[in-house]
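The values are calculated or read from the model by the stated rules, or taken from the named source; none is laboratory data. From a predicted model like this one, the values you see are computed outputs, not experimental measurements. When we count neighbours, we look across all protein chains shown, and the Cβ atoms used for this are built from the backbone with ideal geometry, even at glycine. Accessible surface is based on the protein model in full, side chains and every heavy atom, while ligands, DNA and RNA are left aside. Shrake-Rupley method; radii C 1.70, N 1.55, O 1.52, S 1.80 Å.
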Amino acid sequence: MKTVIVYYSLEGNTDYAAKKIAEITGSDLLRINAKKTYPSKGFSKFIWGGKSAVMGEKPELELYDVDLTKYDMFVLGFPVWASKFTPPLRTFIEENKEMLREKPVAAFACQSGRGAEKAFVALKKCIGIKDFAAEAVFIDPKAVQSEETDKKIRAFAEEIM
């Protein structure tokens, strides 16, 4: 099964997890980025990112040149912002919704606190699917590296293989 991990990462935690999962599964990576970057430091990071997530914004993405039709499965990765999935992922979903509905989708969230479960519910609703093939939550996998988190990443990767 050919799998692509589509993810957005602001501080590197989601990037860390996505690369670990790809290393284990042999999946391809597609990092999506908004054309207008979000602040990554200080109070403005929480204000702008949280507002964008709560308002359901769909920022314009940097161009990605990938033939998504060649994949049998999609894995979506994102940091949790205000108990929501990130706006760049919302844009990707809107651009590729029909394809995502036709194939298995798994998802993982990276967070410092809480909210991933609510984000997963909203993500499934946005795509228009009932369930994920697999889902996982990682607590700051890059910032607070631990053997326990790496085991969780491995378990998720094995579940989607």
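With the simple spin-label model, which puts each label point 7 Å out from Cα in the Cβ direction, the Glu62 to Glu148 separation comes to 3.4 nm.
Taking 0.36 nm per residue of separation and subtracting the Cα-Cα distance, what length does fully extending Ala82 through Asn96 add? Spell out each step's value before the answer.
Working: separation 14, 0.36 × 14 = 5.04 nm, distance 2.40 nm.
Between Ala82 and Asn96, full extension yields 2.6 nm more.
In this structure the chain gives 53 Å² per residue of accessible area when probed at 1.4 Å with all protein chains present. Rolling a 1.4 Å probe over the protein heavy atoms of the chain, with every protein chain left in place, gives an accessible area that is 50 percent carbon and sulfur. Here the contact order of the range 107-158, divided by its residue count and restricted to Cα pairs under 8 Å and six or more residues apart, works out to 41 percent. Treating cross-link reach as a plain straight distance, find the aspartates and glutamates whose alpha-carbon is under 14 Å from the alpha-carbon of Lys142, omitting any fewer than eight places away in the same chain. Once the sequence-local aspartates and glutamates are set aside, what remains near Lys142 is Glu11, Asp15, Asp150. Please go through the residue pairs Lys19/Lys130; Lys36/Lys70; Lys103/Lys130; Lys70/Lys151 and name each one whose alpha carbons sit more than 21 Å apart in this structure. Flagged as over cut-off: Lys19/Lys130; Lys36/Lys70; Lys70/Lys151.
Subtracting the Cα-Cα distance from 0.36 nm times the residue separation, let me have the gained length for Lys103 to Lys130 in nm, one decimal.
Numbers: separation 27, 0.36 × 27 = 9.72 nm, distance 1.24 nm.
Roughly 8.5 nm would be gained on extension.
A Förster radius of 30 Å combined with the Cβ-Cβ distance from Glu159 to Asn33 puts the calculated FRET efficiency at roughly 0.65.
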